[in-house]
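Asks: What follows is a structure written as structure tokens; I'll ask about it next.
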Amino acid sequence: MSHREITMNSILKEVYETPVGHDILARILLQLGVPETVLRNPVSGRLKLSVLAKLSKKVLSEQFWQTFLTLVNREQDEPASLYTPLHEAWWKEAVFYQIYPRSFCDSDHDGIGDLRGIIEKLDYLKDLGVDALWLSPVYDSPLDDNGYDIRDYHKILPQFGTMKDFDELLEGIHARGMKLIMDLVVNHTSDEHEWFRQALKDPSSKYRNYYFFEDDKGELPNNWTSNFSGPAWNHYEDEKQYVLHLFSTKQMDLNWDDPDVREDVITMIRWWLEKGVDGFRMDVINYISKEEGLPDGDQFVGNLMGYTGIEHYYYGPHLHEYLKEIREKAFDAYGAFSIGETPGLGIQMARLVTGEEQKELDMIFSFDHLETPGHVRFEDYRYDLNAFRDNMDTWMTQYGNNCWPTVFYNNHDNPRMISKIDSEGKHRESLSVLLAVMQFTLRGTPFIYQGDEMGLGNVPFRSMEDITDVESVNQYKELLADHEPSEAFRIILAGTRDHARILLPWNDNAPEWAGQNVNEAVTSTYKELISLRHQHRALVYGHYEMLDRSRNRYVYRRYDEHESFIIDCNLSDHPVRAYTDLSGYTLIRPQRYSELNVLQPYEARIWFRK
Ligand code: ISL
């Protein structure tokens, strides 16, 4: 099925019915804090796109709308029906746990986590109930971006251990009936990767075309900026060349339009699958296809996102084609699992890359729920769980049976969620438990980030001297141009990725000022909830029904033909009236409550009926 050509004369309703039109309009409204229902309203739905363009003339350029039309019209596919049959898969039933190796467990006491540290904790992870591990990069790297800048895809970083340690880790994971997925970072390589060194050294080398080299004509090739501040171009004076990097100055973007790049990447993936790894988390995988000619980005979109140019590469012209190629030539032969990290994709675009029939990715991480609409990560504000509820509800009901959501709050790129909601840490335990209750009873695969199960919150960094992350360091320098140092530090403190990158406090080994410690009650609740999920199919494959979405309330039902659960959540820091329509249900958690008709701050109850 294909949609009619969208033009500036098309009405909003028609634009909103296309997958890409839907997601881009929804995102703009979200960022502006305007409810999406505006587009479904019969009056505004009949407005022409050109009217919207006129109304937003101050912020959105004519060029933006040209790019918009290109993106909308290029995608002629449509998501499958929401109600296709639901198929079972191990990764829909599994509970995943993300390990960020350098801060997980340090076995040799050099202050940095390592592979042997992970081996030591395998029994702990098994006991927690985890089924699969996602390992952030452990490959050889100069560590400009903690390993997301890979120098050699076939070597283990010596700080982390050896390939022998890795093999032992993989064996230990499999021996315990768990699975391992690796991080696949192939949008870019380190500038110290052999391919890039050859490319820079020798203009006639085939590796020149592996990256985006542009002749120096006295100005930057375009206005794109890096995700980590500054222009997205390195200047090589001697060679008179500019080379593209969407992330740090040492992370050079690969040119996926070169078939040799794709072939080399596919060979490398197969090498790891041959070793026995069970799949990959694919780093910024939706960025791999760039718009031909690398046109300038729109300034408004740039300001909105914090970097310019993204509309030309987050859903590029050959994205579907390249994802299908990797799937067919590497993943399928091994029955391997794939999850894409896809910043910026909305739900309809996500359906077009994760729909079973598409044969591209199994799942994706969407990030829209990590900030309250209208806010950004580097901003000191209080996160609102009401928006989280609404976002979850959309993914639970609008994603379709042929797609499968992920449910997570944290990863190595974000401050800790419990601190975003409650910066003083007054409700550390109840909030951790509330988030866990939702994570293990919603529809979708839960991804725990290391330390969630300990109830960890943000770190009280004292000054920029405690901050090491390249993103934060670059941003701080940029902020100094128009901020007082103390104000700049406050902004960094709100958003820095370092909050999630401090060594886990297994035995009080984190620095004292960091105030990190394990909350045992949270850990045991994790165990209890994971085991509940494992015991009840209804919590995995069952239907989802919203029962109450009034302010600060999230009450929903998960059920199948055999059993039913009602999950009653208080999303606020004050008491609320409990849900009462519970005939036939028994309370299974918590075991103790102070008042039956009242939910305490952030309390979450699970009711069960056979
Ligand atoms: O949207 C975001 C998360 O809320 C962004 O942070 C986005 O996910 C991120 O910039 C892309 O992240 C990935 O690629 C980077 C690396 O630094 C991150 O650690 C990795 O997760 C470059 O490889």
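Asks: Does the stretch 541-599 come out rounded, prolate or oblate by the C-alpha gyration tensor, with a ≥ b ≥ c the root eigenvalues, rounded set by a/c under 1.5 and, if not, prolate when a/b is larger than b/c and oblate if not? Before the final figure, lay out each step's value.
Replies: Working: a/c = 2.29, a/b = 1.40, b/c = 1.63.
Here the stretch 541-599 falls in the oblate category.
Asks: Would you mind checking K206/K240; K179/K275; K121/K527; K179/K527; K155/K329; K250/K329 for any pair whose Cα atoms are more than 20 angstrom apart? Mind dumping the intermediate values first?
Replies: Values: K206/K240 18 Å; K179/K275 13 Å; K121/K527 15 Å; K179/K527 18 Å; K155/K329 23 Å; K250/K329 29 Å.
Pairs exceeding the cut-off: K155/K329; K250/K329.
Asks: Quick one: which residues, 5 or more positions from T84 or on another chain, have an amide H under 5 Å from its amide H? H modelled 1.01 Å from N in the peptide plane, none for Pro or chain starts.
Replies: Hits under the 5 Å cutoff: N401, N402.
Asks: Tabulate in residue order the Karplus-calculated ³J(HN,Hα) for the stretch 428-442, using 6.51 cos²θ - 1.76 cosθ + 1.60 with θ = phi - 60°, rounded to whole Hz; enter x for Gly and Pro.
Replies: My calculation for the stretch 428-442 gives 3, 6, 5, 5, 4, 5, 4, 4, 5, 4, 5, 4, 9, 10, 7 Hz in order.
Asks: Additional query: R605: net charge of surrounding residues, Cβ under 9 Å, Lys/Arg +1, Asp/Glu -1, itself excluded? Write out the running numbers ahead of the final one.
Replies: Values: positive: R589; negative: D568, E603.
Overall, the nearby charge balance is -1.
Asks: A further question follows. Grab the other residues whose beta carbon is less than 14 angstrom from that of V470, score K and R as +1, D and E as -1, and report the net.
Replies: Residues close to V470 contribute a combined charge of -4.
Asks: In straight Cα distance, which aspartates and glutamates are under 18 Å from K359, not counting same-chain residues fewer than 8 positions off?
Replies: E75, D77, E78, E88, D278, E321, E325, E328, D332, E341
Asks: Something else now. Counting only the heavy atoms of the protein chains, how much of S486 is accessible to a 1.4 Å probe, in Å² to the nearest 10?
Replies: For S486, the solvent-accessible surface is approximately 90 Å².
Asks: Pull out a ≥ b ≥ c, the square roots of the eigenvalues of the alpha-carbon gyration tensor of the stretch 382-533, then state rounded if a/c is under 1.5, prolate if not and a/b is larger than b/c, and oblate in the remaining case.
Replies: On the way: a/c = 2.33, a/b = 1.45, b/c = 1.60.
Oblate is the answer for the stretch 382-533, as a/c is 1.5 or above yet b/c matches or exceeds a/b.
Asks: R0 = 45 Å: FRET efficiency of W506 with Q198, Cβ-based, nearest 0.05? Don't skip to the answer; put the middle values down first.
Replies: Details: r = 43 Å, r/R0 = 0.95.
Once rounded, the FRET efficiency stands at 0.60.
Asks: Which whole-number percent is the relative contact order of the stretch 323-480 (Cα, under 8 Å, 6+ apart)?
Replies: In percent, rounded to a whole number, it is 18.
Asks: Then there's this: Along the Cα-to-C-beta direction of N401, a point sits 7 Å from the Cα; which residues of the stretch 325-363 have their amide N less than 16 Å from that point?
Replies: Answer for this model: 355-357.
Asks: Okay, next question. How big is the dipole moment of the chain about its Cα centre under a simple scheme where the beta carbon of each Lys and Arg is +1, that of each Asp and Glu is -1, and everything else is neutral? Debye, nearest 20, please.
Replies: Numbers: 64 positive and 99 negative charges, 474 e Å.
Computed charge dipole of the chain: roughly 2280 debye.
Asks: Also: Calculate the FRET efficiency for D215 and F300 from the Cβ-Cβ distance with a Förster distance of 25 Å, rounded to the nearest 0.05.
Replies: For R0 = 25 Å, the calculated efficiency reads 0.25.
Asks: Further question: Using a 1.4 angstrom probe on the protein heavy atoms only, could you order R416, R609, R589 from most to least accessible area? Intermediate results must be reported in sequence, preceding the final value.
Replies: Details: R416 5, R609 90, R589 30 Å².
Of R416, R609, R589, the descending order of accessible area is R609, R589, R416.
Asks: Take every Cα pair under 8 Å in the stretch 452-610 that's 6+ residues apart, average their separations, divide by the length, and report that relative contact order as a whole percent.
Replies: Relative contact order comes out at 16 percent.
Asks: I've got another one for you. Compute the Cα gyration tensor for the chain, then decide on rounded, prolate or oblate, letting a ≥ b ≥ c be the square roots of its eigenvalues: rounded whenever a/c is under 1.5, prolate when a/b is larger than b/c in the other cases, and oblate in all that remain.
Replies: rounded
Asks: Sorted by accessible area (1.4 Å probe), largest first, how do L547, L532 line up?
Replies: So the residues, ranked largest to smallest area, are L547, L532.
Asks: While we're here: Find the relative contact order for the chain and round it to a whole percent, using C-alpha pairs within less than 8 Å whose residues are 6+ positions apart.
Replies: Contact order relative to length: 12 percent.
Asks: Would you compute, from DSSP H runs of 4+ residues alone, the mean residue ellipticity of the chain at 222 nm, taking -39500 (n - 2.57) per run and dividing by the full residue count, rounded to the nearest 500?
Replies: After summing the helix terms and dividing by residue count, I get -9500 deg cm²/dmol.
Asks: Among T586, H427, I99, which residue has its Cα furthest toward the positive end of the charge dipole of the chain, with +1 on Lys/Arg Cβ and -1 on Asp/Glu Cβ?
Replies: The residue sitting farthest along the positive end of the dipole is T586.
Asks: Hey, what's the stretch 171-260 come to in accessible area per residue, 1.4 Å probe, Å²? Present the calculation step by step, with values, prior to reporting the outcome.
Replies: Working: 3740 Å² over 90 residues.
On a per-residue basis, 42 Å².
Asks: Go ahead and run the numbers for FRET between L582 and E263, Cβ-Cβ distance against an R0 of 56 Å, rounding to 0.05. Please report the intermediate quantities before stating the final value.
Replies: On the way: r = 59 Å, r/R0 = 1.05.
Computed FRET efficiency for L582 and E263 comes out at 0.45.
The values are calculated or read from the model by the stated rules, or taken from the named source; none is laboratory data. Values in this document were obtained by computation on a predicted structure and should not be read as measured data. Every residue, glycine among them, receives a Cβ derived from its backbone with ideal geometry; neighbour counts consider all protein chains shown. Surface accessibility is based on the protein's heavy atoms, side chains included, excluding ligands, DNA and RNA. Shrake-Rupley method; radii C 1.70, N 1.55, O 1.52, S 1.80 Å.
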